[in-house]
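Bear in mind that the values in this text are calculations on the coordinates, not laboratory data. Remember, it's a predicted structure, so these values are computed and weren't measured experimentally. A quick note on method: Cβ atoms are made from the backbone with ideal geometry, for glycine too, and the neighbour counts reach across all protein chains shown.
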Amino acid sequence: MTAKHPPKAKKIPKELIIHDDVRIDNYYWLNDKENKDVISYLEAENAYYNTLTGHTKEFQETLFQEMKGRIKEDDSSVPYKLNDYWYSTRYVIGGEYPVHSRFKQNLEAVEEIMFNCNDMAKGHDYFSLGGIAISPDNKLAAFGVDIVSRRQYTLQIKNLETGVILDDKIENTTGGGVWANDNKTLFYTRKDPVTLRSDKIYKHKLGTPTSEDVLIFHEKDDTFSTFIYRTKSKKFLVIGSFSTMTSEFQTLSTDNPDGQFEIFSPRKRGLEYTIFHYEDSFYILTNMDKALNFKLMRCSEANTTSDHWQEFIPHREEVLLEDIDIFKEYYVLSERENGLNKIRIIRWDGQEEYFLPFNSETYTAYVGSNPDFDTEILRYSYNSMSTPSSVIDFNMRTKEKEIKKEQEVLGGLFSKNNYKEERLWATARDGEKIPMSVVYRKDTVLDEHTPVLQYAYGSYGSTIDPYFSTVRLSLLDRGFVFVIAHIRGGEYLGRRWYETGKLLQKKNTFTDFIDCSKFLIEQKMTSANHLYAMGGSAGGLLMGAIINMQPDLYNGVIAAVPFVDVVTTMLDDSIPLTTGEYDEWGNPNEKEFYEYMKSYSPYDNVIAQNYPNMLVTTGLHDSQVQYFEPAKWVAKLRELKTNDRVLLMDTNMEAGHGGASGRFESLREVAKEYAFLLDLEGKIA
């Protein structure tokens, strides 16, 4: 199917009235994917995309093979130890999916294959294996499977001794399970079938029908979601409830699965906390008492409410306390100062305290998987924008480190010495300094002809740290500069950075990105003819906002699974994620928030003006950002834009929010994006 001319969606006016404001939505009808006309429209857009990019198909294949060729096919993770077993994930040549296996006592033992996802994925266009939960006696594994890409997992149980998958089958879960110490009681989280909110915790007993599973907890507040986990000490089962700015926990002994969960400390609006257990105490990471960047508190097992919490690590204005990992002799703090990751190691007896040394300004360092409590080895990972990732085992007592694995970049052409990475600071219009992490080949000439891809996310306090990517080399080696703009809405510069990029200050996210773009142009690193922007999901909202506000700054924009119909979506509490995100975006049922989000919502602010070249991607089964948001947006852009720059929409008719599920198949989607950029730069030869 081919199409030489852009599809034109029919206009069916629908009045949407709120706060006496009458809005006409001509493309509301695209919300119904059961409507054959909707599917026909999406297919027509795909046909148009294929026609206009037909000349790049061979180049896309070149990019795909190039990116695939840098990745070791028969790769494997560094094994970790849990309950006398070593667990590992590996890939086989020709396989799209991982093989999960384990070794008893040592790595020289016979490999036990738990799950070969290549076999499990056969016959499915999409496949995802959810969290694997091993029973305390090492005999059973709970696991979840999603074959639709809506993050609704069917939970099952496998006998690892016999290889038999039990008859127990539980639909519509988050994919993971948590075992009690009796090895027969499994707790799990179910989702609301309409909104997909994780709202119920159930208890299942092996050998009983799943229809008899007991509802343990129902999170009735639709602005909250719930989950369950087991403390690293193995002593407690913990039910958590969370919204954007409030949390609450309940605990129960792992030895008493039929007992009653007890509230740790009742929820208070604005109070966030997370709990960790060690010996006879709980440690609480919290923003209590206006600790914007969080502090660490402690309480006894017997008295856990907030009035019994005592300060352990005080709040610091310039340091964001992100996490704590607990070991028998040490605890490890993950901190962030001036945007940089810091790993701080402290003995419980107070005799020693130090930081792991990192010397770059564009690195990412984080504590890895450390499920073993009784060890002096800390596993962490390090990479930078020019340095491949390493997994490192660090002896906290001797301070010796062992690099367990360095990411291999195949093909023989890569050397980190060929690339330059740096951190730049742009001045925002309100005077804030906005950091940017930058990488490019050293032989790239920086001037007004240099192509630059500027990327950002900027929501939910999610920080995009400067990271290494083998895939990105296909852009860098063709003369592109890659920039991560650490804009407000993330937490790169601490919690204040997030708080000043949400709700009624959300526009800071958009103007920060634009001001970073202007800085790059002012520094003569590029020009509007060669500057490109990219973001996905909430980062796609960012893309929609900036092209409405300053379309002349960019030659091309990629908006992946973009959240662009903000007002209509946030008014529909039947859509997944809506009610749980009022504290992020605001509740449009309140007039102040309605008017503010309407003033920036990309779909509502499309006007008759010139727009940059654009590629918009989505997935028909997306549960995070529904396909109809980008579909409506593209239809309205086609109606109103006043220039002939290309506007393309590519809908994956089999996938959801994360795109294709296969390890290498997902690279084809990246190849499409890169081909779009390189074609605009005349670099597809």
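Distance from the Cα centre of segment 237-298 to that of segment 540-561, in angstrom?
Going from one Cα centre to the other spans 40 Å.
Could you give the length gained on full extension between ILE607 and ASN303, defined as 0.36 nm per residue of separation minus the Cα-Cα distance, in nm?
Net length gain for the segment: 103.6 nm.
Of the peptides 43-53, 376-386, how do they stack up when ordered by the mean number of other Cβ atoms within 10 Å, highest first?
My ranking of the peptides, most packed first, is 376-386, 43-53.
If N is the number of residues in segment 57-192, what value comes out of its Cα radius of gyration divided by 2.2 N^0.38 Å?
1.19
Applying the Karplus parametrisation 6.51 cos²θ - 1.76 cosθ + 1.60 with θ = phi - 60° to the phi angles of segment 351-360, what ³J(HN,Hα) value in whole Hz is obtained for each residue in order, glycine and proline being reported as x?
Values per residue, Gly and Pro as x: 7, 8, 8, 7, 9, 5, x, 10, 10, 8 Hz.
Measuring from label point to label point, each 7 Å out along Cα→Cβ, what is the ASP258 to SER233 span in nm?
2.6 nm
Roughly speaking, what is the centre-to-centre gap between segment 303-367 and segment 65-112 when only Cα atoms are used, to the nearest Å?
What the calculation gives is 31 Å, centre to centre.
I'd like the FRET efficiency for ASN106 and ARG269, computed as 1/(1 + (r/R0)^6) with the beta carbon distance as r and R0 of 60 Å, rounded to 0.05.
Once the sixth-power term is evaluated, E becomes 0.75.
Any chance you could run the full-extension gain for LEU206 through LYS405? It's 0.36 nm times the residue separation minus the Cα-Cα distance, nm to one decimal.
67.7 nm
Which FRET efficiency, nearest 0.05, do ILE39 and ARG347 yield, Cβ-Cβ r, R0 51 Å?
E(calc), rounded to 0.05, equals 0.25.
Among all helices in the chain defined by DSSP H, which have a length of 20 Å or more along the axis from Cα atoms plus a Kyte-Doolittle mean of at least -1.0?
Long hydrophobic helices here: 36-52, 507-522, 665-680.
Show the residues, 5+ positions off or on another chain, whose built amide H is closer than 5 Å to the amide H of LEU647.
MET614
I'd like the Karplus ³J(HN,Hα) series for segment 71-83: coefficients 6.51, -1.76, 1.60, θ = phi - 60°, whole numbers in Hz, and an x wherever there's a Gly or Pro.
Values per residue, Gly and Pro as x: 9, 6, 5, 8, 8, 8, 7, 6, x, 10, 9, 8, 6 Hz.
Per 5 Å bin from zero, what fraction in whole % of the C-alpha pairs of segment 58-119 is there, up to the bin with the longest pair?
P(r) for segment 58-119, in whole percents per bin: 4, 17, 21, 19, 14, 10, 6, 5, 3, 1, 0.
Return the FRET efficiency for the residue pair SER574, ASN417: r is the Cβ-Cβ distance, R0 is 35 Å, and the value is rounded to the nearest 0.05.
0.05
Hey, of (i) 1.09; (ii) 1.14; (iii) 0.97, which did the structure itself give for Cα Rg over 2.2 N^0.38 Å when calculated?
Derived directly from the coordinates: (iii).
Taking the number of other C-beta atoms within 10 Å as the exposure measure, put VAL194, VAL38 in order starting with the fewest.
Least crowded to most crowded, the residues run VAL194, VAL38.
What list of ³J(HN,Hα) couplings, whole Hz, do you get for segment 176-188 from phi and the Karplus terms 6.51, -1.76, 1.60, once you set θ to phi - 60° and write x for glycine and proline?
Working through the residues one at a time gives x, x, 10, 8, 7, 6, 7, 6, 9, 10, 10, 9, 8 Hz.
Once fully extended, how much extra length lies between VAL22 and LYS507, figured as 0.36 nm per residue of separation less the alpha-carbon to alpha-carbon distance?
Here the segment from VAL22 to LYS507 would lengthen by 172.2 nm.
Give the whole-number value, in cubic angstrom per residue, of the convex hull volume spanned by the C-alpha atoms of segment 292-349.
It comes to 93 Å³ per residue, whole-number rounded.
How many nm is it between the label spots at ASN172 and ARG638, if each spot is 7 Å from the Cα in line with the beta carbon?
3.5 nm
Between ASN395 and MET549, what is the spin-label point distance in nm, taking each point 7 Å from the Cα along the Cα→C-beta axis?
Placing both labels 7 Å beyond Cα along the Cβ direction yields 5.3 nm.
List the residues, sorted by chain then number, that are 5 or more residues from ASN341 or on another chain and whose placed amide H is less than 5 Å from its amide H.
ALA365
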